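Remarks on the structure that follows.
Laboratory data are not the source of any read-out in this text; all were calculated from the coordinates shown. None of these values were measured; they are calculated from a predicted model. FYI the Cβ positions are ideal-geometry reconstructions off the backbone, even for glycines, and counts take in every protein chain you see.
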Amino acid sequence: MIAIKVDNLVKNYGEIEAVKKISFTVEKNSFFAFLGPNGAGKSTTINIISTLLNHDDGDISVLDNIVGKNDSEIRSKIGVVFQNSMLDDLLTVKENLIVRASFYSIDKLRLLKRIEEINEYLEINSFLNQRYGELSGGQRRKADIARALINWPEILILDEPTTGLDPKSRKDIWELIDKLRKEKEVTIFLTTHYMEEVLDANKVVIIDEGVIVAQGSSEELRLKYSKDRVKIIPNNNLEKILKEDKIDYYIMNDTINITVDGCFKGIDIVEKYREHIREFEILRGDMDDVFLNITGRKLVSE
Amino acid sequence: MTILFQLVRRNMRIYLRDRATVFFSFLSVIIILLLYILFLGEMQTDSLIQHFGDIEGIDWLVSAWIMAGILTVSTVTVPLTVLGTLIQDRSNGTINDFYVSPINRKILALSYLISSWIIGFVMVFFNFVIGQIYVYFNGGEFLHFIPIMQLLGVVMLSIVSFSSFFFYISLFIKTTNAFSILGTIVGTFIGFLGGIYIPIGILSDNVQFVMNILPTAHSVTLLRNIYMKGAIDVVFSGTPDEVFDTYSMIYGLEVNIGDFGLNNIHLLFGMIIFAVIFYILSVIKLSNSKL
């Protein structure tokens, strides 16, 4: 079953081509990740899927409803967590939720029950009666997610939900999304530029400068586009020996890095040059490497 | 209905909980009041005494005149400030949160207008009560039931007209910064447009013509005639008609466009037409663009 189908989507802002003929599908009840650097076209695509933005060309369907035709049906079935906070600072979390619940014709009694259900995942009860503007970053994000869940959407769209949060809040948010995905039948559509957030994704689509540059499961992408490597802190003249043995390496942060086909090859290297090695690590290729290898650039600029 | 009710309540809460916004919507009123208490009131009283002699009820006349003017000013500035919520929602993206929900966009637009009407009315009503007390302590009398009803009717119409106008203008404003500039401009000019700082009759014909086609003049003239009736009866009871005619022309108790004098019905229609024009323009604008 397909939840979202994007076919040859094009979006231009005047002269600038933000999204250039991209196509992908999102399976129902799956965890889909849209990975790319800032300005790659992620938010534009999300805004088009969630009926906020008109597109110039291409067909998009969300739960068998056509974007641009059955927008109202789509809106009633999705929940969106935006990059920035969208709730009202001067209202309490509960007041915010009551206003938003009315959009979906959820009456007060049903809403109270719904808030209880949402609380099981988000633990929002402790700050339900606090003004949104007075909450911490992590609490605000939880309130944003609670708002997106108010209609128990079939698709939960999250646009960089953990950007700007402290590590603890990021972990919290991440765990609750994970729990939600496993316990509720909800399709998660996530955009992010943090590679560690896509490791569990059923499907990752990598977008760069408005073009899809790779797609597949994170494992597939890792195998295809990245290599394991041995990271060595050398003892003595290892560099010279490697040169003599014609082994390719590169220096990063004073460590010698040798890419290898699989971790056992790494062990061989370590065995062979054991006496020249002070410390070593065998690292698996990650999504940062995937991105680097595909585009020649790092995902998050340092 | 529930959606509209919830949205209106939301907009009202946001306005009322932001004390700075509430204060700023009355800033022009406060400035006008201070100017009158400090010197404009005395200048006007002196000038009237010079012309008509020290007759009974002058203080009542002057204070009723200024309070009617202040009412018109608040029917302009309060709805404008309430509509600031729309600009805020647009600039911080809250409007997108509404747009990804299955709500009718006309209802969303209407919610901003209705909240500006309700808050406008409540706030101007408070203004009126305070004004009545001020007039009472300046030797005047409280208005009776029927004039109060007439006055509140004009106030409501005035609020609907100006909020319709500012709603249309708001559709073109993207940032809160631009909106606060608009607020400053309106706040600065409203005292002149309403003929409050300087009585309209001493301005040049061209300026008078422009001011008289604007609904601020229509609103303030209608309100003055209701508000000042008691004072006029006392002050001008023993004077020839020409004296009152001169006063009424200088102090804006009548609206003339060229040689044509507008009666109350004309003035009411002027405000209704103004409201309808900008309402229709807003609908047209919204039919091919977002809020």
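If I model a spin label at A:E183 and A:K224 as a point 7 Å from the Cα along the Cα→Cβ vector, what separation in nanometres do I get?
3.5
Using the Cβ atoms and a cut-off under 11 Å, what net charge is assigned to the surroundings of B:L291, where Lys and Arg are +1 and Asp and Glu are -1?
On the way: positive: B:R90, B:R105, B:K106, B:K285, B:K290; negative: B:D89.
Summing Lys/Arg as +1 and Asp/Glu as -1 gives +4.
Need the full-extension length gain, B:D46 to B:S289, defined as separation in residues times 0.36 nm minus the C-alpha distance. One decimal, nm.
Working: separation 243, 0.36 × 243 = 87.48 nm, distance 5.45 nm.
Difference between extended and current length: 82.0 nm.
All other residues with a Cβ under 15 Å from the Cβ of B:L151 taken together, and with Lys, Arg as +1 and Asp, Glu as -1, what is their net charge? Don't skip to the answer; put the middle values down first.
Values: positive: B:R224, B:K229; negative: B:E141.
Net charge around B:L151: +1.
Label the range A:227-284 by shape, choosing from rounded, prolate and oblate, from the square roots a ≥ b ≥ c of the eigenvalues of the Cα gyration tensor; if a/c is under 1.5 it is rounded, and otherwise prolate applies when a/b is larger than b/c, oblate when it is not.
Because its axes are fairly even, with a/c under 1.5, the range A:227-284 counts as rounded.
Let me know the whole percent of all Cα-Cα pairs from the range B:137-235 that are separated by more than 23 Å. Don't skip to the end; give the middle numbers.
Details: 2029 of 4851 pairs.
Considering the range B:137-235, 42 percent of its Cα-Cα pairs are separated by more than 23 Å.
Cα-based Rg (one decimal) and Dmax (whole number) for the protein assembly as shown, in Å?
When restricted to Cα atoms, the protein assembly as shown yields Rg and Dmax of 33.6, 121 Å.
Could you name the lysines in cross-link range of A:K231, using Cα to Cα under 22 Å and dropping any fewer than eight places away on the same chain?
List returned: A:K240, A:K243, A:K246, A:K265, A:K272, A:K298.
DSSP loop trypsin sites (Lys or Arg not before Pro) in the range A:13-104 with at most 11 other Cβ atoms within 10 Å of their Cβ, which ones? Don't skip to the answer; put the middle values down first.
Values: sites: A:K20, A:K21, A:K28, A:K42, A:K69, A:R75, A:K77, A:K94, A:R100; in loops: A:K28, A:K69.
When the trypsin sites (Lys or Arg not before Pro) of the range A:13-104 are filtered for loop state and at most 11 Cβ neighbours within 10 Å, A:K69 remain.
In the range B:160-229, which trypsin sites (Lys or Arg not before Pro) fall in coil by DSSP and have 12 or fewer other Cβ atoms within 10 Å?
Numbers: sites: B:K174, B:R224, B:K229; in loops: B:K174.
Passing sites in the range B:160-229 are B:K174.
Can you tell me the relative contact order of the range B:2-287? Whole percent, Cα pairs under 8 Å, sequence separation 6 or more.
Values: 331 pairs, mean separation 74.4, N = 286.
After rounding, I find 26 percent.
For the charge dipole of the protein assembly as shown, defined by +1 on Lys and Arg C-beta atoms and -1 on Asp and Glu C-beta atoms about the Cα centroid, which residue among B:Y112, B:V243, A:T51 has the Cα displaced farthest towards the positive pole?
A:T51
Based only on Cα atoms, what mean projected area does the convex hull of the range B:18-147 have, in nm²? Provide the component values of the computation, followed by the final result.
Working: hull surface 42.0 nm².
Convex hull of Cα atoms, orientation-averaged projection: 10.5 nm².
Could you tell me which GluC sites (Glu not before Pro) in the range A:80-123 are loop residues by DSSP with no more than 14 other beta carbons within 10 angstrom of their beta carbon? Walk me through the intermediate numbers first.
Details: sites: A:E95, A:E116, A:E117, A:E120, A:E123; in loops: A:E123.
The qualifying sites are A:E123.
Hey, with R₀ at 25 Å, roughly what FRET efficiency would A:L109 and A:K77 work out to, going by the Cβ-Cβ distance, to 0.05? Before the final figure, lay out each step's value.
Numbers: r = 22 Å, r/R0 = 0.89.
Computed FRET efficiency for A:L109 and A:K77: 0.65.
Ignoring everything except DSSP H segments at least 4 long, calculate the 222 nm mean residue ellipticity for chain A; use -39,500 (n - 2.57) per segment, divide by total residues, nearest 500.
On the way: 10 runs with 104 residues, N = 302.
About -10000 deg cm²/dmol.
In chain B, if the dipole is taken from +1 on Lys/Arg beta carbons and -1 on Asp/Glu beta carbons about the Cα centre, which of B:T176, B:L253, B:I55 is farthest to the positive end?
B:T176
Using only Cα atoms, locate the centre of the range B:72-134 and the centre of the range B:253-291, then give the distance between them in Å, rounded to an integer.
For the range B:72-134 versus the range B:253-291, the Cα centre distance is 20 Å.
Report the charge-dipole magnitude of chain A in Debye, nearest 20, computed about the Cα centre from +1 at each Lys and Arg Cβ and -1 at each Asp and Glu Cβ.
Values: 43 positive and 52 negative charges, 92 e Å.
Dipole size: approximately 440 debye.
Counting only DSSP beta bridges with both residues in the protein assembly as shown, tell me the antiparallel percent, nearest 5.
Once the DSSP bridges in the protein assembly as shown are tallied, antiparallel ones form about 70 percent.
Output ³J(HN,Hα) for the range A:76-83: one whole-Hz value per residue in order, computed from phi by the Karplus curve 6.51 cos²θ - 1.76 cosθ + 1.60 with θ = phi - 60°, and x for Gly and Pro.
Whole-Hz 3J(HN,Hα) from phi for the range A:76-83: 6, 10, 10, x, 10, 9, 7, 4.
Using mean Cβ contacts within 10 Å as the protection proxy, how do B:57-70, A:217-230 order, highest first?
Working: B:57-70: 24.9, A:217-230: 18.3.
Per-residue Cβ counts within 10 Å, averaged per peptide and sorted highest first, yield B:57-70, A:217-230.
For a quick check: with amide H placed at 1.01 Å from N, whose amide H comes under 5 Å from A:D228's, ignoring anything fewer than 5 positions away on the same chain?
For A:D228, whose amide H was placed from the backbone, the distant partners under 5 Å are A:V260, A:G262, A:G285.
Which residues does a label at B:T239 reach in the range B:192-230, if reach means a backbone N under 12 Å from a point 7 Å past the Cα toward the Cβ?
none
Just to be sure I understand the model, the point goes 7 Å from the Cα along the line to the Cβ. What's the resulting A:I267 to B:L281 distance in nm?
It works out to 7.9 nm between the two label points.
Explain nothing, just the number: dipole magnitude of chain B about its Cα centre with +1 on each Lys and Arg Cβ and -1 on each Asp and Glu Cβ, in debye rounded to the nearest 20. Mind showing how you got there, number by number?
Values: 13 positive and 16 negative charges, 427 e Å.
Charge dipole, chain B, about its Cα centre: 2060 debye, nearest 20.
Amide H of A:E27 versus every other amide H placed in the peptide plane: which residues, excluding those fewer than 5 positions away on the same chain, fall under 5 Å?
It is A:A3, by chain and number.
Show me the three semi-axes of the equivalent ellipsoid for the range B:1-95, from the C-alpha gyration tensor (sqrt of 5 times each eigenvalue), largest first, rounded to whole Å. Before the final figure, lay out each step's value.
Numbers: eigenvalues 331, 35, 16 Å².
The answer is 41, 13, 9 Å, longest axis first.
Using each residue's phi in the range A:120-134, evaluate 6.51 cos²θ - 1.76 cosθ + 1.60 at θ = phi - 60° and report the 3J(HN,Hα) Karplus result to the nearest Hz, with x for Gly and Pro.
4, 8, 9, 6, 9, 4, 5, 10, 4, 9, 9, 5, 4, x, 9
Tell me the mean residue ellipticity at 222 nm calculated for chain B from its helices only (DSSP H runs of n ≥ 4, each -39500 (n - 2.57), averaged over every residue, nearest 500).
Working: 14 runs with 224 residues, N = 291.
Taken over chain B, the calculation gives -25500 deg cm²/dmol.
Rounded to the nearest 5, what % of DSSP beta bridges with both residues in chain A are antiparallel? Don't jump to the answer; show the numbers that get you there.
On the way: 35 of 53 bridges.
Counting only bridges with both partners in chain A, antiparallel ones make up about 65 percent.
For peptide A:96-103, compute the average count of partner chain beta-carbon atoms within 10 Å of each residue's beta-carbon.
Partner-chain Cβ atoms within 10 Å, mean over residues of A:96-103: 6.
I want to check the label-to-label distance for B:F125 and B:R105. Put each point 7 Å from Cα in the C-beta direction and report it in nm to one decimal.
3.4
Counting only residues 5 or more places away or on other chains, whose amide H sits under 5 Å from the amide H of A:D208 once H atoms are built in the peptide plane?
A:V213
If you scale each eigenvalue of the Cα gyration tensor by 5 and take the root, what three semi-axes come out for chain B, rounded to whole angstrom and sorted largest first? Provide the component values of the computation, followed by the final result.
Working: eigenvalues 274, 72, 54 Å².
Each semi-axis is the square root of five times an eigenvalue, giving 37, 19, 16 Å.
What FRET efficiency do you get for B:V210 and A:K231 if R0 is 60 Å and r is their Cβ-Cβ distance, rounded to the nearest 0.05? Please list the in-between numbers first.
Values: r = 78 Å, r/R0 = 1.30.
Once rounded, the FRET efficiency stands at 0.15.
Looking at the range A:132-222, send over the antiparallel percent of its DSSP beta bridges, to the nearest 5.
Numbers: 5 of 10 bridges.
Close to 50 percent.
Please get the size of the charge dipole for the protein assembly as shown, origin at its Cα centre, with Cβ charges of +1 on Lys and Arg and -1 on Asp and Glu, quoted in debye to the nearest 20.
Working: 56 positive and 68 negative charges, 284 e Å.
Result for the protein assembly as shown is approximately 1360 debye, rounded to the nearest 20.
Ratio of Rg to Rh for the range A:173-279, alpha carbon only, Kirkwood? Could the numbers behind the result be given before it?
Details: Rg = 19.4 Å, Rh = 17.0 Å.
A ratio of 1.14.
Of the options A:T187, B:F24, B:I280, report the single residue whose Cα projects farthest towards the positive end of the charge dipole of the protein assembly as shown (beta-carbon charges: Lys, Arg +1; Asp, Glu -1).
It is A:T187.
Calculate the length of the line joining the C-alpha centroid of the range A:161-220 to that of the range A:17-79, in whole Å.
Here the two parts' Cα centres lie 16 Å apart.
Hey, what do the phi angles of the range B:137-151 turn into as Karplus ³J(HN,Hα) couplings, whole Hz, using 6.51/-1.76/1.60 and θ = phi - 60°, x for Gly and Pro?
Karplus-based 3J(HN,Hα) across the range B:137-151 equals 6, 9, x, x, 10, 6, 6, 8, 4, 5, x, 4, 5, 4, 4 Hz.
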